[in-house]
Amino acid sequence: GSVNFEKFNFGKLLDEKNIGESTLLIDFKGVGFDSKNINSSLNAQIGSFNFNKYIYGNVYFRSSLNDEILKCSLKSSDKNFKAVMLGEINMKSSTNKYNFNSSINFADLNKLNLVKRDSVSIFKGDISLKSNGTSIDNLNGELNLNNSYYTNENKIFKIDDLKIVSHFDDLKNR
């Protein structure tokens, strides 16, 4: 099927004040209702998406759910957010496995209303997440930031490699 949203206020629907009116076209197809045998896909062309009082445009999202594996991709050609993101969530076992990779070519965090402390706030870089768990409280894995730059009005900060690791021992202590 297909659904076309014109200036639809998802924030009201979700009771989320940071989300405003959006215009998007969604195409979807699938079979099955049980998580073990569902086979579905969803493609969205996002003409405008209002988040945190910034309107994103030219965003494309694709996803598929098959055999308890959710795969998704996002490509943004917005003038202030140029990025490609790929992700996968494997839900086959009692602990979900997450694998996400993103390449952010340009993000003006100030214009996106994400950083207001710096009037110039530009980020470029690669981010990856490989982890497993069922919630933020028991997440094991690592977040990597590679070949990244943050620029403010005073300086360019280069981050060659930054790794954040979350690990639990046998007694469930971090």
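The values are calculated or read from the model by the stated rules, or taken from the named source; none is laboratory data. Keep in mind that this is a model prediction, so the values were computed, not measured. With ligands, DNA and RNA removed, areas are computed over all heavy atoms of the protein, side chains included. Shrake-Rupley method; radii C 1.70, N 1.55, O 1.52, S 1.80 Å.
Using θ = phi - 60° in the Karplus curve 6.51 cos²θ - 1.76 cosθ + 1.60, the 3J(HN,Hα) couplings for the range 71-82 round to 10, 8, 9, 9, 10, 10, 10, 4, 4, 10, 8, 10 Hz; x is entered for Gly and Pro. Relative contact order of the chain, taken over Cα pairs closer than 8 Å and 6 or more residues apart, is 11 percent.
Contact order, relative form, for the range 3-57: 32 percent (alpha carbon pairs under 8 Å, 6 or more residues apart, mean separation divided by residue count). Taking each of Lys75/Lys124; Lys92/Lys163; Lys71/Lys97; Lys53/Lys79; Lys92/Lys130 in turn, the alpha-carbon distance tops 19 angstrom for Lys92/Lys163. Less than 5 angstrom separates the built amide H of Ser48 from those of Thr23, all sequence-distant by 5 or more or on a different chain. Ligands, DNA and RNA are left out, and with a 1.4 angstrom probe the accessible area of the range 31-86 is 62 Å² per residue. In order along the range 42-55, phi translates into HN-Hα couplings of 9, 10, 10, 9, 9, x, 8, 9, 8, 10, 6, 6, 10, 9 Hz, rounded to whole numbers, per the Karplus curve 6.51 cos²θ - 1.76 cosθ + 1.60 with θ = phi - 60° and x for Gly and Pro.
On the accessible surface of the range 49-128, probed at 1.4 Å, how many percent belong to carbon and sulfur atoms? Here carbon and sulfur together make up 56 percent of the probe-accessible area. Computed on the range 54-131, with alpha-carbon pairs under 8 angstrom and 6+ residues apart, the relative contact order is 23 percent.
Give, in nm to one decimal, the length gained when the segment between Ser64 and Ser2 is fully stretched (0.36 nm per residue of separation minus the Cα-Cα distance). Write out the running numbers ahead of the final one.
Working: separation 62, 0.36 × 62 = 22.32 nm, distance 1.55 nm.
Taking 0.36 nm per residue and subtracting the Cα distance, the gain is 20.8 nm.
Considering only Asp137, Asp27, Asp78, the mean-square fluctuation computed in a Gaussian network model of the chain, springs between alpha carbons under 10 angstrom, is largest for Asp137.
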